[in-house]
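Below is one structure, written out as structure tokens; comments come after it.
The values are calculated or read from the model by the stated rules, or taken from the named source; none is laboratory data. Owing to the predicted nature of the structure, the values given are computational and were not obtained by experimental measurement. Counting neighbours? That spans all protein chains shown, and the Cβs are built from the backbone with ideal geometry, glycine included.
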Amino acid sequence: MRSLKSMIVIVALGFVLVAGPAIAQGTAGQQPPATPPAAQAPAPKPEAPVPFPEGAKVAYVIVQLIADSSSQGKAATARLQGLEKKLTEQIQERFKALEASRTKLQQGGSVMSPQAVSQLQKEIEKQERDLQFAQQDAQNELNELRQDLLEEFQERLNPVLEEIRREKGLHMIFSAGDGGLAAADPGLNISGEVIKRLDAAKPAAPAEKK
């Protein structure tokens, strides 16, 4: 029992930072899509406060709600969206240059010298390769930032959960919405309390890259 009282169980932490679709990784002959609105499921709505059941030894949180509603979660999403917007614009500029070269070859190839046509074809091939590399680099950069933000969020979330667990004398705190919680008393939902404590806490200093 002692080990149970000192353990927090969070099933499949469901923190999802959504910043719109990832940078397109299609063939160089396909146009990367313009940055569309973020396609995501509606954020869970906060439930009306319900008293925590007296004597309860378990509780649950809705991690997506915490990420969507806490100031840190909102800031993290904004950072990811900002980076995606910048990278998408860079990809679009490369694609425009590629399309200009293709148009030049298509419309003027018949009046160009064989040497000029060959040179332009090589330039187009190089632009296609560069576009593909740029798309992959952009995706890697987005993934790296997403992982860093997730780790920062978890580092701040876990101590808050442990603090609440100790104060309430809980055995476990579950994560709802991950397929492991079919039904529960809404009073066991401590997401609102977690959000308040996260927002009240002093912002953590950015971790230094090694």
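Among the residues making up the range 153-195, a single one is of a type in the set (Val, Ile, Thr), assigned to a helix (DSSP H, G or I) and within 15 Å of Pro53 (Cβ to Cβ): Ile164.
Take Ile62 and tell me if it is among the aliphatic types (A, V, I, L, M), buried (at least 18 other Cβ atoms within 10 Å of the Cβ) and at pLDDT 95 or above. When the stated conditions are applied, Ile62 does not pass them. Residue pairs whose Cβ atoms lie under 7 Å apart, separated by 6 or more positions or on different chains, with the first residue in the range 52-75 and in contact (Cβ under 8 Å) with a residue 40 or more places away in the chain and farther than 15 Å from Leu150 by Cα and the second among the small types (Gly, Ala, Ser) and part of a strand (DSSP E or B), are Tyr60/Ser175; Val61/Ser175.
When residues in the range 80-133 are screened for being assigned to a helix (DSSP H, G or I) and over 30 Å from Asp148 (Cα atoms), 31 of them pass.
Taken together, the residues in the range 79-100 that are surrounded by fewer than 19 Cβ atoms within 10 Å (Cβ to Cβ), polar (S, T, N, Q) and under 24 Å from Glu125 (Cβ atoms) amount to 2. Is it true that some residue in the range 177-191 is charged (D, E, K, R), surrounded by 13 or more Cβ atoms within 10 Å (Cβ to Cβ), touching a strand residue (DSSP E or B) at 6+ places or on another chain (Cβ under 9 Å) and over 12 Å from Val63 (Cβ atoms)? Looking through the range 177-191, none of the residues is charged (D, E, K, R), surrounded by 13 or more Cβ atoms within 10 Å (Cβ to Cβ), touching a strand residue (DSSP E or B) at 6+ places or on another chain (Cβ under 9 Å) and over 12 Å from Val63 (Cβ atoms).
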